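Below is one structure, written out as structure tokens, with a few remarks after it.
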Protein chains: 2
Amino acid sequence: MVQDWSVTRAEAMPTPTFFNLPREKRERFLDAALDEFALHDYRSASLGRIVATVGIAKGSVYQYFAGKQELYLYLVTLAAETKFSFIDASLPGDVADFFERFRLSVYHGARFDFSRPRLGSLLYNATYEPSGAATLEVAAQLRAASLQYLRTLVEAGIRNAELRDDLDVDYVVFALYQLTVSLRDFLGERFGFSFKDAVREGSGSPIDDAALHAVLDQMADLLRQGLAGPEPGRDVT
Amino acid sequence: MVQDWSVTRAEAMPTPTFFNLPREKRERFLDAALDEFALHDYRSASLGRIVATVGIAKGSVYQYFAGKQELYLYLVTLAAETKFSFIDASLPGDVADFFERFRLSVYHGARFDFSRPRLGSLLYNATYEPSGAATLEVAAQLRAASLQYLRTLVEAGIRNAELRDDLDVDYVVFALYQLTVSLRDFLGERFGFSFKDAVREGSGSPIDDAALHAVLDQMADLLRQGLAGPEPGRDVT
DNA sequence: CTCGACTATGACCGACCAGTCATGTGACCG
DNA sequence: CGGTCACATGACTGGTCGGTCATAGTCGAG
């Protein structure tokens, strides 16, 4: 399993009323809410815009959720579960090699972001929520889960001697995390793909697989060999 | 020179009135404003809080600046100029080696962030401003300037054969940028240093130079050699 | 038909926001 | 003294926000 969300899953659920809703209405509401939080950060997101989009009354939101914070928490949890289980299901279980495993995780993560821009953007925003106030707990858990996954990978890699054993694990994990999260921005630029537009249009779009692999090759390459040229016989064996 | 800010510098200046202010008052205002934007993102920052801190009337802000946006632009420009010229002045001119030059740039940047937390945090926030609406232009320029600097470094490194020549320059520059910007978070965690608190207390604090160098060594090491262990005789010379 | 449980509603509240402007103050000059 | 200019002020406007609540509709059970 890629990440464990059991902690979050238990708390801050929607009300029973929400689940009693006709499927179609519930989904329209969820879509609109995901849109809103994918397009704006927590503070800027507006319940007013959501209800206007769905065409329901302001008060209805409070029939479904205790408040903005609970709604947000639910959405983030939902998105995280969806993305992580997508990656999990796409990962073959028998890839032992560290770099390949890392590469594949990032690859499927990227595919998810392009095919489900609403969910991807929501999680991306959550990652960068200022770590203060209401957002803190969810964002911190999201971050912690990702870091934990990477740490497991790195530690296994060191045990297998695929990775050097003189690494500062904390730093390496941190660096991998940053490169993973921010890759989205690079891909957006390189492919001329606007995630915001994709969210607004509500449609995912397929991704140029070859080009994506090329970028991931660069990333894996950088991580494996570093940037240095072969010239002055550095301390490599 | 590390970065060029001439474009921005020309526009969106404070009014003459602002410069006519007694030195002490002007500085109290600037300090309070920097505090506010260092602690909150653009949208959340409140002119009301600033004037309350300084002890002046709301209307006075509009005697000094055309509005919130212009104030912000001025502050970011000011902070960027200060930081970049600090780094520039601290960099010896004769360091040719790519990794060392990069390392030193990051090193002095980090020293700046710890000693001038207000300015450092403001720039950090600006970096992560959502690229839409009012903020767009300044944030984009800030980002562009940093990327340009890194690109120059990388291209020189490739010319000198310090770096491999099969690199995807765009990606490498992007990766360096992300690692540079986010290093702040890692250092904060490792050193148990809260930038927010430092801003609130208004005091910079000296930094454990040895520990900082240790982290930078890891970073430079990762970039130079990569993570791979020596074991299976990879394609390194 | 009546009752009670459930759900939808939107006017309303208090808060905070950026920005405006009429009024006032005080310094300098003729 | 009167006039002018620079500057300070804070009540006020119009807007948005999250959240509340009295009211009303709906529907199945008795």
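A viscosity of 0.692 mPa s and a temperature of 37 °C, combined with the Kirkwood radius over C-alpha pairs in the Stokes-Einstein formula, give the protein assembly as shown a diffusion coefficient of 136 µm²/s.
Normalised by 2.2 N^0.38 Å, where N is the number of residues, the C-alpha radius of gyration of the stretch B:26-97 stands at 1.40. Projecting the Cα atoms of A:SER131, A:SER105, A:GLN148 onto the dipole axis of the stretch A:73-225, where Lys and Arg carry +1 and Asp and Glu carry -1 at the beta carbon, places A:SER131 farthest toward the positive end. Against chain B, whose longest principal axis is taken from its Cα atoms, helix B:169-190 shows a tilt of about 70°. Interface B-A: total buried accessible area of about 4600 Å², 1.4 Å probe, protein heavy atoms only.
Counting only Cβ charges, +1 for Lys and Arg and -1 for Asp and Glu, the dipole size of the protein assembly as shown around its Cα centre is about 1940 debye. Each copy carries A:ASP31; placing its label point 7 Å along the C-beta direction from Cα gives inter-copy distances of 5.5 nm, listed from smallest up. Residues whose amide H comes within less than 5 Å of that of B:LEU163, counting only those at least five positions distant or on another chain, are A:GLY229, B:ILE158 (H built at 1.01 Å from N in the peptide plane). A simple rule links phi to the HN-Hα coupling: the Karplus curve 6.51 cos²θ - 1.76 cosθ + 1.60 with θ = phi - 60°, which for the stretch B:44-52 gives 7, 4, 10, 4, x, 5, 4, 5, 5 Hz, with x for Gly and Pro.
Extending 7 Å from the Cα toward the beta-carbon at both B:ARG43 and B:ASP197 defines two label points whose distance is 3.0 nm. Rounded to whole numbers, the Karplus 3J(HN,Hα) couplings from phi for the stretch A:70-78 are 5, 4, 4, 4, 5, 5, 5, 4, 4 Hz, using 6.51 cos²θ - 1.76 cosθ + 1.60 with θ = phi - 60°, and x at Gly and Pro.
Each copy carries A:GLY202; placing its label point 7 Å along the C-beta direction from Cα gives inter-copy distances of 5.3 nm, listed from smallest up.
Binning the alpha carbon pair distances of the stretch A:106-170 at 10 angstrom intervals from zero yields the distribution 19, 35, 31, 15, 0, expressed in whole percent. With label points set 7 Å from Cα along Cα→Cβ, the inter-copy distances at A:ALA156 are 4.2 nm, sorted shortest first. Starting from the Cα gyration tensor of the stretch B:132-237, take the square roots of the eigenvalues, sort them a ≥ b ≥ c, and report rounded, prolate or oblate (rounded when a/c is under 1.5, otherwise prolate if a/b is larger than b/c, else oblate). Oblate is the answer for the stretch B:132-237, as a/c is 1.5 or above yet b/c matches or exceeds a/b. Relative to the dominant Cα principal axis of chain B, helix B:117-127 is inclined by about 70°. Any chance you could give the angle, 0 to 90 degrees and rounded to 10, that helix B:23-39 forms with the longest Cα principal axis of chain B? Relative to chain B, helix B:23-39 is tipped by roughly 50 degrees. Using only Cα coordinates, the Kirkwood hydrodynamic radius of chain A works out to 19.4 Å. A probe of 1.4 angstrom, applied to the heavy atoms of all protein chains, finds A:ASP94 with accessible area near 130 square angstrom.
Each Lys and Arg contributes +1 and each Asp and Glu -1, all at the Cβ; summed about the Cα centre of chain A, the dipole is approximately 1020 debye. Among residues of chain A, the one whose beta-carbon sits closest to the A-to-B rotation axis is listed with its distance in Å as A:GLY226, 2. Taking the accessible area of the stretch A:73-225, probe 1.4 Å, and keeping the other protein chains in place, the carbon and sulfur fraction comes to 52%.
The values are calculated or read from the model by the stated rules, or taken from the named source; none is laboratory data. Predicted model only: the values in this text are computed from it and were never measured. Heads up, the Cβs are rebuilt from the backbone with ideal geometry, glycines too, and the neighbour counts pull from every protein chain shown. These area figures cover heavy atoms from the full protein model, side chains too; ligands, DNA and RNA do not enter into them. Shrake-Rupley method; radii C 1.70, N 1.55, O 1.52, S 1.80 Å.
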